[in-house]
Amino acid sequence: MKNAESGGEGSGRPISVQTRFERFPASIRGAFVMRGADGDPHAVQIESAHLTRLPVGPARPITFEDRMLSVSPVRDLFVPFEVPVLDLEPGWYELRSSVRVDAGKSWEFPSRAFSIPWPRSDVRRGVIQVGGELRAGGRSYLIERVELGVDRSVVTWRGQSSPRPTVKEVHVEAILLADGLPLDVLPRHAVARLLEPRDEGAHRTVSYPVPKSCRSLAVAMRLANGTRSDPVALSLR
């Protein structure tokens, strides 16, 4: 059973919520697992829960009984759910809940991302070695390679000014342009495990897969303010 936790000791949140789930052909079944994170019991209420497409898109509501729940700091409380997925389009999704604590502030808890797979014949696969340099915002970036997978595209890059990742580089993305249009980039919080660098100083940006119908592919750097570098064309041979 997959599991993702948001909130806990040191997070500043009064409760922790783990989203545990299993995927079946027609639905996702699981539970929101709650526990007090600050050593105190709390009265909580699930205000809303959704299955949401990433990074943007439609959200499918998950229904719950509208009642107050008692959360203990020493015992897990399981709130089961089920949501249909048979008619979902291929893409990346997360389960997101909003929980009100002690009739006061509400906190959001996203799960880890998961994909509804694309047909293998609809996407391109392979590895493109790049080695090209791009400039954006007065800085240089080296694009090392692009990995094309069945449910994701991963660009590995590094900042040229420092051998170690910097705070500024956290908000920089290497975007892929398929036939001139940018592929959706997955939020860092949702794919943290996929973003772990393989070597020191490297960064990885995870996007949607490249369609098999794509005839031209390029990579560019995009800064937090939306500024882009000039793109570099990639070979699809």
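The values are calculated or read from the model by the stated rules, or taken from the named source; none is laboratory data. Just so you know, these numbers come straight off a predicted model, no measurement behind them. Cβ: placed from backbone, ideal geometry, glycine included. Neighbour counts: every protein chain shown.
Of all the numbered requirements in (1) assigned to a loop (DSSP other than H, G, I, E, B); (2) in contact (Cβ under 8 Å) with a residue 40 or more places away in the chain, F64 misses one, and that requirement is (2). E133 falls short on exactly one of the conditions (1) at pLDDT 95 or above; (2) in a strand (DSSP E or B); (3) in the same structural domain as L223 (by TED's automatic domain parsing), and that condition is (1).
Restricting attention to region 95-120, the residues that are surrounded by fewer than 19 Cβ atoms within 10 Å (Cβ to Cβ) and closer than 14 Å to V79 by Cβ add up to 2.
Here is a yes/no grid of residues against (1) part of a loop (DSSP other than H, G, I, E, B); (2) without any contact (Cβ under 8 Å) to a residue 12 or more places away in the chain; (3) closer than 20 Å to G91 by Cβ:
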residue	(1), (2), (3)
L177	no, no, yes
H189	yes, no, yes
L194	no, no, yes
G201	yes, no, no
R215	yes, no, no
V219	no, no, no
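Within region 140-160, can you find the residues that are assigned to a strand (DSSP E or B) and touching a residue at least 24 places away in the same chain (Cβ under 8 Å)?
So in region 140-160, the residues assigned to a strand (DSSP E or B) come out as 140-148, 153-159.
Scanning region 140-160 gives Y141, I143, E144, V146, L148, S153, V154, V155, T156, W157, R158, G159.
For W92, the stated conditions hold: it is under 21 Å from the mean Cα position of the chain (by Cα), under 28 Å from P182 (Cβ atoms) and either aromatic (F, W, Y) or crowded, with 19+ Cβ neighbours inside 10 Å (or both). Scanning region 39-61 for residues that are within 17 Å of V17 (Cα to Cα) and either in contact with a strand residue (DSSP E or B) (Cβ under 8 Å, 6 or more places away or on another chain) or outside any loop (DSSP other than H, G, I, E, B) (or both) yields a total of 11.
Only residues that are in contact with a strand residue (DSSP E or B) (Cβ under 8 Å, 6 or more places away or on another chain) and either not assigned by TED's automatic domain parsing to the domain that holds V44 or not in a strand (DSSP E or B) (or both) were counted across region 77-101, and they come to 5. Scanning region 109-130 for residues that are touching a residue at least 24 places away in the same chain (Cβ under 8 Å) and assigned to a strand (DSSP E or B) yields F109, P110, F114, S115, I116, V123, I128, V130.
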